[in-house]
Amino acid sequence: MITLATDFGSPYPAAMKGVVRRRTDAEIVDVAHDLPRGDPRAAAFWLRFVLPEFPPAVHCAVVDPGVGTDRAAIAVRAGGHVLVAPDNGLALPPARALAAAVDAGIDVFRIDPGDPASATFHGRDVFAPAAAAIRDTRGTAGDDGWAADPPTAAELAALPSLTPTDSYVDRRLPEPDVADGEPDVVTGEVLVVDGFGNAITNVPEAYLHGRDRVLVNGEPIPVGATFASVPAGDRLVTAGSHGYVECDVNDGRGDDAFGLEPGDPVRFEG
Amino acid sequence: MITLATDFGSPYPAAMKGVVRRRTDAEIVDVAHDLPRGDPRAAAFWLRFVLPEFPPAVHCAVVDPGVGTDRAAIAVRAGGHVLVAPDNGLALPPARALAAAVDAGIDVFRIDPGDPASATFHGRDVFAPAAAAIRDTRGTAGDDGWAADPPTAAELAALPSLTPTDSYVDRRLPEPDVADGEPDVVTGEVLVVDGFGNAITNVPEAYLHGRDRVLVNGEPIPVGATFASVPAGDRLVTAGSHGYVECDVNDGRGDDAFGLEPGDPVRFEG
Amino acid sequence: MITLATDFGSPYPAAMKGVVRRRTDAEIVDVAHDLPRGDPRAAAFWLRFVLPEFPPAVHCAVVDPGVGTDRAAIAVRAGGHVLVAPDNGLALPPARALAAAVDAGIDVFRIDPGDPASATFHGRDVFAPAAAAIRDTRGTAGDDGWAADPPTAAELAALPSLTPTDSYVDRRLPEPDVADGEPDVVTGEVLVVDGFGNAITNVPEAYLHGRDRVLVNGEPIPVGATFASVPAGDRLVTAGSHGYVECDVNDGRGDDAFGLEPGDPVRFEG
């Protein structure tokens, strides 16, 4: 299986699918093609959320504001999965999560980009061919043995296009600040806003345990287990399915109601 | 085959795909992930339109404004298909259509939700696993025998997570009113507006037979077999591909031109 | 493999997927369902860009403002591929590109539409069944022999629903004007604007070779190999991955910044 995740919209990902299908019969699964545009941090968040649901596979993830510059292309082996991505750090948070799930480390490889046909569409010219080549370590058939027997680091290193490296952009998602001596005060940050308008922060949901109301940037907001715990149109704070504190509105948009967008600080007191 | 239909946008459905793929190699087909948000009635309409085109399969349909409340999760067996959905009635209109197509009835099962990992993402935690478990009655291979030999009600009842029930939300799409003694006057309702802006009502297309003009909320509008039967920009009334009367504009948006949105009444006289 | 490309948005393409799957287990690949609405020329451009990346396959492409009129439905055999489309010319530019890639010509067939169930949804009633019937010349299994042994023109002509024809809409994408005696002046046209806002013209990229600045409709604009060659927010002209000159903005929308939309003329001097 090769999953595709990009910020390309349409129809560019179809060119990537064609490139993959010319090289392999591996199943192609669309993860998303509307990741926040040009925002590798948001891509890192979403892929860290989504990819651990998958069995071991190859994941081709392209959010690449530096396309055509001298930024490298990398492949990251993590817990039986391999992520193929530009070296802007987007792959590292999901890779570390995938590796941690099986108590393993990661292996990073630099991808030889060859001679791309374009300077602006490396999804087609570099990343999709690299993903197909990696998948082909387990053959080109639609039904692979990948999940049961994913390639070792040595097998990947044996591919002509891959070279092990210790030099890569090691992005980490930001950690919230806990005020000294004030465990009830946490200043986090909005990482992403989802399509529902939920403003998802980097504050672990554990902060909400035992609280039924918190101050969000100074305003008292109820803590609810479900959207329906408050009337339609009302604000709430909840533990999102990603394990982080969200600022939401039942049947409405939390980002608008809280005045929050990605990157904004959020101070919780409770 | 497992089809997925949600109002989740992106990238949440990808987590559902991962969950399915960890459990089964069944083909995954996206029906839609932009169903009208939080509107089980619209989902019922669209699935009643789309699912009868498919061979027997498992359909996982999640439009779920009550997620995290005590609403149940159900599976509905209908004509070789099984629909997995929240118990808000969205599954019943498509299920009755699928069953009627083979002169059969429906069987409804309550799904044991287990202990969902989240209170807000039962698509991942409840519905996708249930769909995979139901599909697995015919094995986990990509090429199943489902369509030729779908499971019986007794086989589904034997699944540990399913319990037959007679208690469920039995949604019906609204029927139009035909004025007493005035067969030429029908008051219907806009059920959905599609992406083209066509305002699709609940009035069966038979109403248009033999008419070349009708009054729509008092205004005379031509009846056309095709969009191109009127000049670009002009309004028309036509028989939609769903079998219902639509209020459309050729090369434009009917909802805007007629001032109609879902739930609005529409009076036809002709 | 059967690829699907439409301007239908959602959920109409799902009905086409169901129709295909009832008839064949061929892989279904979504190319795009948000092609510019009612614009066969834009569809021709995008499919000429995308389809050559695919191995030989059946491509079902429906952008069909004339649905329900007496426009014909056609199938075009081109280099092992077969395109199924309304006879509005959208299939011809990609078909000629696919045929040229293998130094071959094209064969065009008229599709007998049968008796469509609707006058407004021939994607479901005419084109998807035709694509499935053509694919079935190589069997209904998921794993076909199509790419290795695509059908001959004679095999296609033997299908009851296909009749060879020389009469079809032979759309050509417009060619730019090169001013007499002024090889440095080219007047092209914006063919499409992509989701990034890049205004893609019909001027071949070769025009940019050796230039580091051009006048675009009289304004001096730097020529860059990559978006990142100019500061964020700045305009540039670049060679797009389609091989044509684009008017772009780094981390912004070229269409807005240049005031360009599809069909607009663009004069390059340099």
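The values are calculated or read from the model by the stated rules, or taken from the named source; none is laboratory data. In this text the structure is predicted, and so the values were computed from the model without any measurement. Backbone-built Cβ (ideal geometry, glycine too); neighbour counts: all protein chains shown.
Out of the residues in segment B:1-23 that are touching an Asp or Glu at 6+ places or on another chain (Cβ under 6 Å) and either polar (S, T, N, Q) or part of a strand (DSSP E or B) (or both), which is farthest from the other protein chains (Cβ to nearest Cβ)? Among them, the one singled out is B:4.
Go through segment A:113-142 and report how many residues are assigned to a helix (DSSP H, G or I) and either not polar (S, T, N, Q) or not assigned by TED's automatic domain parsing to the domain that holds residue A:67 (or both).
Qualifying residue count for the region: 16.
For segment B:121-138, the criterion of being more than 22 Å from residue B:24 (Cβ to Cβ) and surrounded by fewer than 23 Cβ atoms within 10 Å (Cβ to Cβ) is satisfied by no residue at all.
Entry remark, segment A:27-48: residues being farther than 26 Å from residue A:136 by Cα, surrounded by 20 or more Cβ atoms within 10 Å (Cβ to Cβ) and at the interface with chain B (Cβ under 8 Å from one of its Cβ atoms) number 2 in total. Quick one: is residue B:132 under 30 Å from residue A:225 (Cβ atoms), at pLDDT below 95 and within 14 Å of chain A (Cβ to nearest Cβ)? Here the answer is no, as residue B:132 does not meet what is asked.
Among the residues making up segment A:156-185, those that are without any contact (Cβ under 8 Å) to a residue 24 or more places away in the chain and over 24 Å from the mean Cα position of the chain (by Cα) are A:158, A:178, A:179, A:180, A:181, A:182, A:183. Looking only at residues in segment A:73-105 that are surrounded by fewer than 19 Cβ atoms within 10 Å (Cβ to Cβ) and of a type in the set (Gly, Ala, Ser), which one is farthest from the other protein chains (Cβ to nearest Cβ)? Selected residue: A:105. Taking segment A:154-172 as the range and being over 17 Å from residue A:130 (Cα atoms), touching a helix residue (DSSP H, G or I) at 6+ places or on another chain (Cβ under 9 Å) and of a type in the set (D, E, K, R) as the test, the residues that pass are A:170, A:171, A:172. Please work out if residue B:232 is free of Cβ contacts under 8 Å to residues at least 40 places away in the same chain and touching a strand residue (DSSP E or B) at 6+ places or on another chain (Cβ under 8 Å). Spelling it out, residue B:232 is indeed free of Cβ contacts under 8 Å to residues at least 40 places away in the same chain and touching a strand residue (DSSP E or B) at 6+ places or on another chain (Cβ under 8 Å). All conditions in (1) crowded, with 21+ Cβ neighbours inside 10 Å; (2) modelled with pLDDT under 95 hold for residue A:184, with the sole exception of (1).
Exactly one residue among A:200, A:221 is crowded, with 21+ Cβ neighbours inside 10 Å, at pLDDT 95 or above and over 30 Å from residue A:86 (Cβ atoms), and that residue is A:221.
Which ones in segment B:199-235 are part of a helix (DSSP H, G or I) and small (Gly, Ala, Ser)?
Matches in segment B:199-235: B:206, B:228, B:229.
Just so you know, in segment C:207-248 the residues that are within 21 Å of residue C:49 (Cβ to Cβ) and of a type in the set (A, V, I, L, M, F, W, C) include one that is nearest to the other protein chains (Cβ to nearest Cβ), and it is C:225. Considering C:182, C:246, the condition of being touching a strand residue (DSSP E or B) at 6+ places or on another chain (Cβ under 8 Å) and either of a type in the set (Asp, Glu) or assigned by TED's automatic domain parsing to the domain that holds residue C:130 (or both) is satisfied by C:246 alone.
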